[in-house]
Amino acid sequence: MTTLAAIDSSLRGKAALPLRPAEQVMDIERLGAFHQSRLSFMRTLVRRIFRERWLIEPVRFDLDHKGYGTVVYEINAPHGVFSFVLFSSFLCDDERNDRVIATQWDLTMALVEGQVDAAYVEKLAQNVPKQEAGRVDSRVFVLSRANRSGRNFDYVVDQLAAGEQPDVDKIAQVGYLYRTTAVYGSGKLGMADWDKVRDKHPDFSRPFAGEMFVCWMLRNFSLLQVEHIAKHKSPDSFKPMRTDIKHYFGIGNSTGLGMAPYLVNHPQLINQWIEMRELALARVRTLGGINSSVQQRLIALIERCSLHTAQTVTGDQRQADHNQRVISDLAALKQQAIENLVSFDSLIHWSEQHCSVHGQEILVSILLELHPELVDELEDFHTVEENLDLEPLMPLQQLKTIIEQRYGWAIAIDFTAEGARDTYWYRSEEKMEPRLGSIADAQGKKKHMDLAVGFAVHRCYQLLCDYIKQHPDHTKHSTARFMVVQPKLRGTVRRIQTMNHCVYGDIQANLLDHNVLPMHLLRCKLAFFGVSKFDPRSRLWVRNTMFQGAPLLEEIGQPFSDDWFMPLAPTHLPT
Amino acid sequence: MYISMNELKAALRRCFEASGYFVGNYEDAANMILWLEKHGLHGLNELTNAIDYVAADREKPLSKVVYEDSTSATIDAHGRSALNCGAAAVDLAQAKALESGIATITVHNCHNRMFILKALTDCGRRGISAAAYWQNGSDVITEHTAAIRSGQRYPSYSEALTSLTDSNGTCVGSCEQSSGNTRENKQALTIICSSRVDLTSSLQSKDQHYVSPQQIAENKAQTVEFGIEITQQLWDQINTLGTGILVENTERSRLDAGGG
């Protein structure tokens with residue numbers, strides 16, 4: 001069991017481990033090449049559920065023969081009792097819409113503290129199916145909705161009803177029965193604030209643990225529901241789904257621009273996640289032993305990742321090219337692992353010289369799998385108290401030096417270059433959906449969101465240099481004095497000063513650039529969640545799969561190997 | 001109706017951003033209101049009094065330091081709300097206290113001074129003790145003080161009715177001993193910060209209403225558990241102001257979200 005002090009001494013000072021530098025890690029393209037790892041939130045949640053043997057069972061199961069109705073699961077976790085309430089409703093195919101602006105869904109769900117009685121379920125029934133148009137109270141801490149997969153849901157029901165199994169090759173194309181289109185927490189729509197969840201419910205006190213739990217429960221319910229419908233459709237011929245095929249069903253997810261502002265607006269939290277990931281890597285590089293068993297495991301994981309990538313279906317040419325390159329990178333890494341495996345550190349260095357950024361980052365995830373004893377304990381250190389504090393006493397010369405050292409990337413951007421400020425971010429009046437506009441829309445630009453940290457720091461640096469020039473006695477001037485003169489810079493200056501205390505700091509990108517790819521931001525956060533099968537549908541939104549390969553609800557209490565990293569199609573599993 | 005703290009903060013940020021507050025200032029303003037309400041000190045009542053004037057601050061000159069030495073400064077806030085100038089004044093007090101041990105900042109022409117409590121609390125969290133004093137009202141004058149010790153999370157707060165009046169600059173009762181309540185220094189706020197001394201404050205009035213740090217902590221626990229009660233009217237008003245940052249929805253605009 002590690003401690004905050006031990007982590008801190010590994011990150012900073014004389015005993016610090018050799019971490020990868022911020023200018024390497026925080027580059028937006030590399031962040032966009034991150035993959036799921038054993039520190040991803042889905043992995044850490046499943047580990048907790050299975051090691052603590054949570055008791056989860058339906059206490060109300062009112063579904064008609066077509067699968068519509070209400071289901072309530074009761075969850076007995078070590079620190080409390082919770083209820084997962086789910087409403088399944090009929091939805092016409094032409095009303096099914098994954099966008100945040102949709103108003104109806106096949107399934108709506110809520111995660112609630114404590115047990116729920118009939119009156120409370122009725123109260124939820126009046127509001128949860130309405131999602132943004134409804135209100136809930138502070139007993140609820142996650143709210144979500146999902147739509148059936150048009151390609152899989154009815155097909156799987158028909159197969160099971162006919163006593164057949166779903167075709168694995170077809171499932172490999174779309175690895176889910178439902179897509180969740182939004183998972184809300186942190187006080188939205190009247191729900192409990194994160195402060196309450198963090199302090200009162202240790203079972204869900206890690207970032208997004210409640211949200212991930214709802215998605216995992218949705219996945220379990222989806223498998224239960226298709227069997228329920230198929231059984232009622234044809235009781236005589238029905239056969240349940242094979243367990244290995246069930247494992248291969250995850251939950252689909254569509255993620256759009258809404259995730260990008262979160263990353264920019266929570267820099268300390270994102271830094272914390274990255275510090276833990278990089279610390280885990282540094283531990284494995286430095287302390288991770290190698291023997292023949294570890295080497296064999298490394299080779300097996302490389303092969304698994306290669307096959308997983310080969311089984312990833314995407315219509316996006318850029319993603320397809322990346323996947324192909326990753327497969328060739330993995331082949332080269334395998335060869336290196338067989339012939340020249342001296343240390344993990346040298347393997348990382350080799351990958352940096354010979355592999356794509358995507359290949360390098362998949363190797364990072366693989367290495368974290370090899371030494372869980374060096375990695376897993378860091379899962380308890382993914383939260384941080386977020387305060388962007390001004391350091392009023394800081395001399396202006398020191399502030400200037402910090403900008404030069406920590407934000408050199410922002411100073412170096414030529415914002416007068418063509419296309420460097422062609423994009424702006426804004427919120428639509430339609431459900432306040434974040435959108436990305438062109439500077440050509442002058443009216444819209446006036447209402448832009450302040451997400452361009454690079455530009456703000458660049459501008460702040462110019463004004464600071466001007467102030468220092470105009471005030472030869474500036475050495476006597478503190479940041480506080482500068483702030484009275486330049487109140488417009490308050491938010492930027494305190495961000496700079498606060499992030500200076502972080503190892504990794506801000507994401508290094510010009511988010512105003514004509515060619516900015518928000519996809520990188522979305523993918524970074526999704527990788528921390530633990531998704532796989534990235535399938536970009538444009539530069540602004542991406543489909544992916546959650547919990548594919550994860551153990552099933554009914555397997556709680558059985559031997560648990562925690563080895564569902566980069567899952568493979570059942571037919572490709574070794575016999 | 002009940003809303004969450006996060007909902008209130010997000011709506012207030014939109015409201016102040018739409019009202020022309022700068023980056024950093026609109027977060028401060030939202031946090032100041034939320035902090036009072038969250039800790040049982042009626043932030044929404046204060047906001048109700050202030051909300052009609054929020055947008056007017058855009059037209060006023062920026063705060064100006066009119067006097068300064070190593071242990072003190074005087075700032076003219078030009079009639080601005082503490083929501084958008086209070087935190088900077090506390091920062092200046094903190095900086096001087098760190099240099100000199102103790103410092104006093106006086107802010108003139110500053111409205112809604114109750115909101116300063118959040119900034120004082122931040123001082124305490126950062127290891128600087130802080131205290132503030134101000135008077136309110138014209139016909140009937142109340143006085144207020146708040147203080148936090150170094151390293152603490154919650155301040156104390158006191159308010160009391162005074163026998164002062166300033167209708168024509170004259171005074172009754174103990175006016176001579178008081179700091180004076182003439183028209184010239186109305187809307188004044190005095191902030192004291194120290195890195196060396198733990199400051200506490202309480203009013204001399206026997207009828208003061210005193211809220212202890214413990215009571216403030218208990219109020220917070222209640223809010224975290226159940227959320228914040230707000231009138232539909234105020235909630236609508238905040239959200240209506242916030243629509244100023246939203247861009248009209250069009251078919252072309254929908255494409256800016258990526259279609260799908």
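Figures for the structure shown
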{"item": "Rounded FRET efficiency, nearest 0.05, which uses the C-beta distance separating residue A:266 from residue A:53 and R0 of 25 Å", "result": "0.15"}
{"item": "Derived scalar couplings ³J(HN,Hα) [the range A:224-234; Karplus, 6.51 cos²θ - 1.76 cosθ + 1.60; whole Hz; x for Gly, Pro]", "result": "5, 5, 5, 5, 4, 5, 4, 5, 6, 6, 8"}
{"item": "Förster radius 45 Å - calculated FRET efficiency between residue A:6 and residue A:158 (Cβ-Cβ, nearest 0.05)", "result": "0.20"}
{"item": "Rounded Å value of the spacing that divides the Cα centres of the range A:301-364 and the range B:24-66", "result": "53 Å"}
{"item": "Residues whose placed amide H lies under 5 Å from that of residue B:111, excluding near-sequence neighbours", "result": "B:80, B:81, B:82"}
{"item": "Gain on full stretching of the segment that runs from residue A:244 to residue A:291 - 0.36 nm per residue minus C-alpha separation", "result": "13.8 nm"}
{"item": "Karplus-derived HN-Hα couplings along the range B:141-147 (A = 6.51, B = -1.76, C = 1.60, θ = phi - 60°), whole Hz, x at Gly and Pro", "result": "10, 10, 10, 9, 8, 9, 8"}
{"item": "Other-chain or far-sequence residues with amide H under 5 Å of residue B:72's (modelled H)", "result": "B:104"}
{"item": "Mean Cβ count within 10 Å, highest first, over the residues of peptides B:14-22, B:155-163", "result": "B:14-22, B:155-163"}
{"item": "³J(HN,Hα) computed for each position of the range A:444-451 - Karplus, 6.51 cos²θ - 1.76 cosθ + 1.60, integer Hz, glycine/proline x", "result": "x, 4, 4, 10, 5, 7, 8, 9"}
{"item": "Full-stretch length increase - residue A:89, residue A:466 - with 0.36 nm per residue and alpha-carbon distance subtracted", "result": "129.5 nm"}
{"item": "Label-to-label distance, nm, for residues given as residue B:221 and residue B:1 (7 Å Cα→Cβ offset)", "result": "3.0 nm"}
{"item": "Hits among aspartates and glutamates - C-alpha to C-alpha of residue A:239 under 14 Å, sequence gap 8 or more where chains match", "result": "A:158, A:164, A:227"}
{"item": "Residue A:149 long-range amide H proximity, modeled H, under 5 Å", "result": "A:178, A:179"}
{"item": "Theoretical FRET efficiency, 1/(1+(r/R0)^6), r = Cβ-Cβ of residue B:206 and residue B:49, R0 25 Å, to 0.05", "result": "0.40"}
{"item": "Between the range A:481-512 and the range A:380-394, the alpha-carbon center distance in angstrom", "result": "12 Å"}
{"item": "Gap separating the Cα centres of the range A:39-87 and the range A:145-189, nearest whole Å", "result": "18 Å"}
{"item": "For peptides A:513-524, A:325-336, sequence by mean Cβ density within 10 Å, most packed first", "result": "A:513-524, A:325-336"}
{"item": "Spin-label zone in the range A:362-383 - amide nitrogen under 20 Å from a point set 7 Å from the Cα of residue A:299 along the C-beta vector", "result": "A:363-364, A:366-371"}
{"item": "Residues of type aspartates and glutamates that residue A:447 reaches as a straight line, Cα spacing below 12 Å, ignoring anything fewer than 8 places off in the same chain", "result": "A:429, B:17, B:248"}
{"item": "Listed pairs A:66/A:233; A:400/A:469; A:130/B:9; A:334/A:533 exceeding 19 Å between Cα atoms", "result": "A:130/B:9; A:334/A:533"}
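Laboratory data are not the source of any read-out in this text; all were calculated from the coordinates shown. The model shown is predicted, which means the values in this text are computed figures rather than measured ones. Glycine also receives a Cβ, built like all others from the backbone with ideal geometry; neighbour counts cover every protein chain displayed.
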